[in-house]
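Structure record follows, encoded as structure tokens.
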Amino acid sequence: MKCLTVLPVIFALTATALAAESPVEPKVKDAVRPLAPGAVTLEGHLADRLGVCIENRIKAQSIADLIEPFQKREETRLWRSEFWGKWFMSAAWAYRYSQDPQLKTILDKAVAELLATQTPDGYLGTYTKQTETDNWDIWGRKYTLLGLMSYYDLTGDKKVLAAARRHADYLLSQVGPGKRDIAKLGWWSGMAAGSILEPMVLLYNATGDRRYLDFAQYIVERWESPEGPKLLNKSRGDVLVFDMFDKPKPVKKNYGDYGQSKAYEMMSCYEGLCELYRVTGTPAYREAAEKLFPNILATEITVVGSGSNMERWCDGHRHQVDRSITHWMETCVTVTWMKLCYQLYRISGEAKYMDEIERSVYNALLGAQKLDGTWWSHYSPMDGLHGPAPEHCGMHQNCCVANGPRAMALLPMLSVMTNDDGPVVNLYGPSTANAVLQDGTKVQLRQITDYPKTGTVDVVVTPERAAAFTLSLRIPGWSEQTTVSVNDEPVDNVAAGSYLRLARTWKPGDRVRLAFDFRSRVVPVPDGQSFVALLRGPIVLAMDKRITRPVEGATAARLKTDAQGFVNVRLVDAQQPASVWMQFDVPMHTADGRDVAVQMCDFGSAGQTWDEDSLYRVWLPVPADLSEPLADVPHHAGAH
């Protein structure tokens, strides 16, 4: 591999009084940007799942429980300090969406109580004085800083920005040239501590204080040192994420025992690189983040849109039916994968990133959320059962329980966005979005659909007056044959995996109709074993013990496909459990010549009793034994 280096930085961190804020404009403007707060209203299933998340998890969180570790500062090795920031970001994004006054009151209280714990030197953390910067301390400081910056973005509160600066300045007094080395601090080859890159750049954006940008560039420079994780060199040099760090010898059978390729922390660092690219325009930063995406997608992401075993990369794309992997797909990995895709999408505007977000949302993310929104799974196996994430750090909390709501609260922001030419529709489903064009013209987009139950979507376009602009519509990569019409006039050149850009003078009430390709696709397991998965639109289908009944005498059966290899799956309105969103009849052909229908459901509903009453399976053996279709599922899977 050729040697790749990072540009040196001139680094000078001096203890200075807080200078007046002078926000900076990024050198690179995002290709696609969120709409204004409160501009999007979701309806239907996603709105329901987001709603219970807000009411039963975000708003129900005890602020006192999150603040107590900051008051006591007794920690020496754990990660209590991350919980306030994770929860607060989800609450801030939820308020951005709902504009709920009760949520604003909760946010104000949470910030006031946190800032009351800030020490005279600026520290906002949970560690003892003697152990500051050890273990997870800087990782937790990152989340506190992210939370404070999200509040400042919402409110413009200068007191909160000043507190965030004192918090950051205290770290600058401890870490840097001639002080403690960021590459040697914390966990996972310096990645956990180094992920504070992201909020440091955001703080520079808000203040224009060069010290924060210098510190951000110092972090990246130390990554490429002999002591660092070399994230730029390895990504740009096409090193697979699974191979980025040494593995123990001999390699153990459980892929979770492999080395330092910690998925969540790694992707968090590349999120920071995206922010640093916006500010500096340095091509190497964007290149490293963009090359990471196909690396992870090709080698780690499973059919349901997440990855990892025991929170580490595990060559998982190739091992999706390997039952020695019993700690599949940490929810924190799902969330951070979605957030990394969102960062790359904002920079590039490319549909491939939003395709992956959609897959993760409808499968891995919804599958990990408890239906009432109160809790989350830590892991989501490919077969077996979901179970509640264990409490962490002696608190009624868990890293994934704190993180899952961040992805849910992100959905309204990314569902409909805008670029310089007009609105951009990314996620389909019943909703209303209010965009504002460059010239100030207001445009409402109303989606009338029950997508993804069916594949037809009507987008009613209502500008306040006739206006010329471009409406961009994502055509999913899985939809090979999509038809589009505007006011019943067919549109040509509709290409899967891209954006259809409709440039015209739009009048109030114009209607775009999209009909996506909902033929059900058979996907073979990547490692060549005789297993297949079944997908319909963005939805992965799963057998579930509650609805999948044995077929008498059907010891061997195969999916019944048409001449093109698709399966005629039928959405049914049968009497299904209340916790099942979508139920399907799947045609199969038995070895003795019979055609039978097997019941399956969407992956987001599979296993949602969180006990053995809803054992489930994604990958179907070929041929399948339908006499006892779930009998051989290991009952321990996912129950950790």
**Which numbered condition A409 misses (of (1) surrounded by fewer than 24 Cβ atoms within 10 Å (Cβ to Cβ); (2) part of a loop (DSSP other than H, G, I, E, B))** = (2)
**Request:** Working only within segment 315-334, note down all residues that are touching a His at 6+ places or on another chain (Cβ under 9 Å) and closer than 18 Å to D243 by Cβ.
**Result:** I325
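Being part of a loop (DSSP other than H, G, I, E, B), open to solvent by 20 Å² or more (accessible area, probe 1.4 Å), touching a strand residue (DSSP E or B) at 6+ places or on another chain (Cβ under 7 Å) and farther than 30 Å from G44 by Cβ is the requirement here; does G553 meet it?
Numbers: part of a loop (DSSP other than H, G, I, E, B): yes; open to solvent by 20 Å² or more (accessible area, probe 1.4 Å): yes; touching a strand residue (DSSP E or B) at 6+ places or on another chain (Cβ under 7 Å): no; farther than 30 Å from G44 by Cβ: yes.
Here the answer is no, as G553 does not meet what is asked.
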**Item:** Scan of segment 86-107 for residues that are in contact (Cβ under 8 Å) with a residue 12 or more places away in the chain and either closer than 14 Å to M395 by Cβ or among the polar types (S, T, N, Q) (or both), ordered by number
**Value:** K86, W87, S90, S98, Q99, Q102
**Request:** Taking only segment 278-331 into account, find how many residues are open to solvent by 40 Å² or more (accessible area, probe 1.4 Å), part of a helix (DSSP H, G or I) and touching a residue at least 12 places away in the same chain (Cβ under 8 Å).
**Result:** 8
**Prompt:** Hey, which of the strands (runs of 3 or more DSSP E) in segment 445-519, taking only ones fully inside, have at least 2 residues that are aromatic (F, W, Y)?
**Reply:** 498-506
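Across segment 515-564, what is the number of residues that are hydrophobic (A, V, I, L, M, F, W, C) and without any contact (Cβ under 8 Å) to a residue 12 or more places away in the chain? Even if it seems obvious, please write down each step before you answer.
Residues of segment 515-564 hydrophobic (A, V, I, L, M, F, W, C): 515-516, 518, 522-523, 525, 531-535, 539-543, 547, 551, 554, 556-557, 559, 563.
Then drop every residue that is not without any contact (Cβ under 8 Å) to a residue 12 or more places away in the chain, which leaves 563.
Number of matching residues: 1.
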**Asked** Can we say V220 is open to solvent by less than 20 Å² (accessible area, probe 1.4 Å), under 22 Å from T336 (Cα atoms) and either assigned to a helix (DSSP H, G or I) or free of Cβ contacts under 8 Å to residues at least 60 places away in the same chain (or both)?
**Response** yes
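With in contact with a strand residue (DSSP E or B) (Cβ under 7 Å, 6 or more places away or on another chain), buried (at least 20 other Cβ atoms within 10 Å of the Cβ) and farther than 21 Å from K109 by Cβ as the only criterion, which of E75, E43 stands out? Show your work before the answer.
Values: E43 fails: buried (at least 20 other Cβ atoms within 10 Å of the Cβ).
Answer to the selection: E75.
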**Asked** How many of the residues in segment 346-361 are open to solvent by 10 Å² or more (accessible area, probe 1.4 Å) and in a helix (DSSP H, G or I)?
**Response** 7
**Enumeration of residues in segment 114-149 that are open to solvent by less than 20 Å² (accessible area, probe 1.4 Å), within 17 Å of P199 (Cα to Cα) and in contact with a Lys or Arg (Cβ under 9 Å, 6 or more places away or on another chain)** = G122, Y123, L124, G125, T133, G140, Y143, L146, G147
**Asked** Mind checking which pairs have a first residue in segment 565-589 that is of a type in the set (S, T, N, Q) and a second that is open to solvent by 50 Å² or more (accessible area, probe 1.4 Å), Cβ under 6 Å, 6 or more apart or different chains?
**Response** S579/L371; Q583/Q576
**Request:** Could you tell me which numbered condition V580 fails, if it satisfies all but one of (1) in a loop (DSSP other than H, G, I, E, B); (2) open to solvent by 20 Å² or more (accessible area, probe 1.4 Å)?
**Result:** (2)
**Request:** Tell me, yes or no, whether segment 181-202 has at least one residue that is in contact with a Lys or Arg (Cβ under 6 Å, 6 or more places away or on another chain), among the small types (G, A, S) and more than 30 Å from P37 (Cβ to Cβ).
**Result:** yes
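Being of a type in the set (V, I, T), in a helix (DSSP H, G or I) and in contact (Cβ under 8 Å) with a residue 12 or more places away in the chain is the filter; apply it to segment 154-200 and report the residue that is nearest to Y143 (Cα to Cα). If you could, list the steps in order and put the result at the bottom.
First, the residues of segment 154-200 that are of a type in the set (V, I, T): 155, 160, 175, 182, 196.
Filter again for in a helix (DSSP H, G or I), leaving 155, 160, 182.
Keeping just the survivors that are in contact (Cβ under 8 Å) with a residue 12 or more places away in the chain gives 160, 182.
Values: V160: 15, I182: 17 Å.
Once the filter is applied, the top-ranked residue is V160.
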**Fill in**
S261 meets each of (1) more than 29 Å from G316 (Cα to Cα); (2) at pLDDT below 95; (3) of a type in the set (G, A, S) with one exception, condition (1)
**Request:** May I ask you to list the residues in segment 268-325 that are more than 24 Å from Q529 (Cβ to Cβ), of a type in the set (S, T, Y) and within 15 Å of the chain's Cα centre (by Cα)?
**Result:** S268, Y270
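The values are calculated or read from the model by the stated rules, or taken from the named source; none is laboratory data. Everything quoted here is computed from the prediction, not taken from an experiment. Counting neighbours? That spans all protein chains shown, and the Cβs are built from the backbone with ideal geometry, glycine included. Ligands, DNA and RNA are excluded from the accessible area calculation, which covers all protein heavy atoms including side chains. Shrake-Rupley method; radii C 1.70, N 1.55, O 1.52, S 1.80 Å.
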